[in-house]
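Okay, so here's the structure we're looking at.
Each reported figure results from applying straightforward, stated rules to the coordinates on display, with no laboratory input. Note that the structure is a prediction, hence the values are computed from the model and not measured. FYI the Cβ positions are ideal-geometry reconstructions off the backbone, even for glycines, and counts take in every protein chain you see.
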Amino acid sequence: MDVSVSIPAAAVAGSPMEIMSDDKIAIIIPQRSPSNKILPLGFQQNEPSHPPPSGFAKRVVVPLLKKVVAEMLGTFLLVFTVMSALIMNEQNGGALGLLGVALAAGLAMVVIVSSLAHVSGGHINPAVTTAMAAFGHLPLSHFAPYVAAQLLGSTAASFAAKALYGDPINLGATVATVPKVGAMEAFLIEFITTFTFLFVVTSLDTDPKAVKELVAVGAGAAVMMSALVSGKSTGASMNPARTLGPAIATGTYTNIWVYMVGPPLGAIAGSGAYHALK
């Protein structure tokens, strides 16, 4: 039996399959209209372009000035919150306790990073900025403006807290980060706690496979955990700006090098450790 297939140029009325003879079958496939043609992706022609779905936001380039202002404001809010918690705890006979102060610091991180991450990255910490610049996640041209803004924000917050709460207590002993252990021990504690902090931040913020919505939560949890561990020994700074602002406002510079050197080195090591793992 011979089978022949014919595709006519124009549509043929009638049944799509007709028996021509006893030993031949003709299958007639009507021509489809051009609008029904399905072509492989990339070969469609004269197709109107469609806008991206509403769920996909366009990436917006934020000017450096806005990023710097965001870093200054974020650091101001963080340092002012931590200082306020420490002062309230001291004035009220330890009502907050270590857990309360650590919780205040952790929640401040969650709120501020959630608010500013899409603007400047929400570093609010020269140690974070140092690590991000060292591993190419921040342009080197942004490094100095970011750090300057963070230090300025911390200093402004420290003087604002001093003016607001007055000086009914020994402010330097309450809000300044002064080691209550040996200098080298304090250095190692600050190094390790900042290592942990940046390991968490780097994993959540820079790895495409990570859930980036958890950056703020992870950062806040890491800060709270480290504050519970090292709050009584070093003040749990992990942030040179957090230390320098209150030091300037209170004139307390005891072993300040611990907080200027330990956190940046710990941050670079923590970020580098995650980069080595992934």
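What to note about this one:
- Part-to-part distance (alpha-carbon centres) for the stretch 61-106 and the stretch 172-211, which is given in Å: 16
- Pairs over the 28 Å Cα-Cα cut-off, from the set Lys162/Lys212; Lys66/Lys212; Lys67/Lys212: Lys162/Lys212.
- Which of Phe187, Phe159 has the fewest Cβ neighbours within 10 Å, and the rest in rising order: Phe159, Phe187
- Cα gyration tensor shape of the stretch 152-278, rounded if a/c is under 1.5, else prolate or oblate by comparing a/b with b/c: prolate
- Simple label model, 7 Å out from Cα along Cβ direction - Asp207 to Ala269, nm: 2.1
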